[in-house]
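Have a look at the structure below, then the notes.
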Amino acid sequence: MIVDTVVFVVAALVILIGAVGVVFSRNPVHSALMLVMTLFGVAVLFVAEDAHFLAAVQVIVYAGAIVVLFLFVIMLLGVDTAENLATEPLGGQRPAAGVVAVASVGLLALLAVRAVEVSTGAQSVTAPLDGGQSNVAVLAEALFTDYVFAFEVTSVLLVIAVVGAVVMARRPRSQSSSDPTEPESDDDQPTTEPTDGLGVERHTETESELA
Amino acid sequence: MAVDQSWYLVLGALLFTIGAGGLLIRRNPLVMFMCVELMLNAVNLTFVTFSRILNDVAGQVVVFFVLVVAAAEVVVGLGIIVAILRRRPTATADDVSMLRG
């Protein structure tokens, strides 16, 4: 009992410190590292709640792939310069955000505590958690029988995401600087681009090639 | 003192509002994206907690799908951010205010 409490308190502290660090870090790289801290804290809480498979997937996918993607983008684009946190483009936005945050926390916490009291315990709508099998087996049984259609649709979604990312981020064919073959009819056509660290080709916008 | 289930939900609520507040305050698109990830994690934590309270595995299945969709969303969103920041490395969320770019 005491171990559970200590684990929860430590994990909660790690999560909250990481979250505050993400929001208030000036350097985006620091924000990404604080996000990793939060994700590990959440994984620990998943383990504490007997969701072992999700804890492993959380570490592998979230902390191991998504945050790495963030860091790749930050490093490749060289945008790790500190942001000026002092300027406020919209007047009064920061105090309004603070008020909204406090009100939301209060409201959500109230709802959460009330929800635990009124949980009717509609037990086992799909499958009981502790069906005597391991967490992975119970999860797999539900995923591949009741939710198999959604599972297949998510695989299609992943393919769409990969194709979309490749199309959006690919470098278009470099054109000779003296002969711009594309007409300047597209609105979002940049003229010159200084070196962006990855090449010295002048490039046009990809939309003009796709049109 | 045993850990009450509602503590997890309150922690999820706190994490969600920290992410939401960060999304409102920050202007760097990458950090805003990270705040969205914070909110998704809060929701995941809440789902798993309710799955345990109600003794139903459906909550964990939902978290599985949320993880998959979050990964796809990050891929596409970072593609967009790369496309924007490649042209204007100092762009903030306020600068991308017109569809013309």
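Structure data summary
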{"item": "Hey, B:Ala70 hydrophobic (A, V, I, L, M, F, W, C), farther than 21 Å from A:Arg114 by Cβ and either more than 19 Å from the chain's Cα centre (by Cα) or open to solvent by less than 10 Å² (accessible area, probe 1.4 Å) (or both) or not", "result": "yes"}
{"item": "Residue count for segment B:28-56, restricted to those that are part of a helix (DSSP H, G or I) and over 19 Å from B:Ser6 (Cα atoms)", "result": "10"}
{"item": "Meets criteria (touching a Phe, Trp or Tyr at 6+ places or on another chain (Cβ under 9 Å) and either at pLDDT 80 or above or over 27 Å from B:Ala83 (Cα atoms) (or both)) for A:Ala65", "result": "no"}
{"item": "Candidate set: segment A:42-52, residues that are assigned to a helix (DSSP H, G or I) and surrounded by fewer than 22 Cβ atoms within 10 Å (Cβ to Cβ); chosen: the one nearest to the other protein chains (Cβ to nearest Cβ)", "result": "A:Ala48"}
{"item": "Number of positions in segment A:1-54 that are touching a residue at least 40 places away in the same chain (Cβ under 8 Å), farther than 30 Å from B:Pro89 by Cβ and not aliphatic (A, V, I, L, M)", "result": "5"}
{"item": "Candidate set: segment B:27-43, residues that are within 7 Å of chain A (Cβ to nearest Cβ) and free of Cβ contacts under 8 Å to residues at least 40 places away in the same chain; chosen: the one farthest from the chain's Cα centre (by Cα)", "result": "B:Val31"}
{"item": "Options A:Gly78, A:Gly64: the member that is within 15 Å of the chain's Cα centre (by Cα), open to solvent by 10 Å² or more (accessible area, probe 1.4 Å) and not hydrophobic (A, V, I, L, M, F, W, C)", "result": "A:Gly64"}
{"item": "Residues of segment A:26-36 classified as within 17 Å of B:Ala20 (Cβ to Cβ) and either in a loop (DSSP other than H, G, I, E, B) or open to solvent by 30 Å² or more (accessible area, probe 1.4 Å) (or both), total", "result": "1"}
{"item": "Residue satisfying condition, being over 30 Å from A:Ala140 (Cα atoms) and either at pLDDT 90 or above or open to solvent by 50 Å² or more (accessible area, probe 1.4 Å) (or both), within set B:Gly19, B:Gly59, B:Gly79", "result": "B:Gly19"}
{"item": "Check on A:Leu39, at pLDDT 90 or above, assigned to a helix (DSSP H, G or I), over 14 Å from B:Val31 (Cα atoms) and facing chain B (nearest Cβ under 8 Å)", "result": "yes"}
{"item": "Test set (1) of a type outside the set (Phe, Trp, Tyr); (2) more than 7 Å from chain A (Cβ to nearest Cβ); (3) over 14 Å from the mean Cα position of the chain (by Cα); (4) over 19 Å from A:Leu108 (Cβ atoms) - B:Gly59 fails condition number", "result": "(4)"}
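The values are calculated or read from the model by the stated rules, or taken from the named source; none is laboratory data. Predicted, not measured: the structure shown is a model, and the values here were computed from it. Don't worry about glycine lacking a Cβ; one is built from the backbone with ideal geometry, like all the others, and counts go over all protein chains shown. Surface areas here come from the heavy atoms of the whole protein model, side chains and all, with no ligands, DNA or RNA. Shrake-Rupley method; radii C 1.70, N 1.55, O 1.52, S 1.80 Å.
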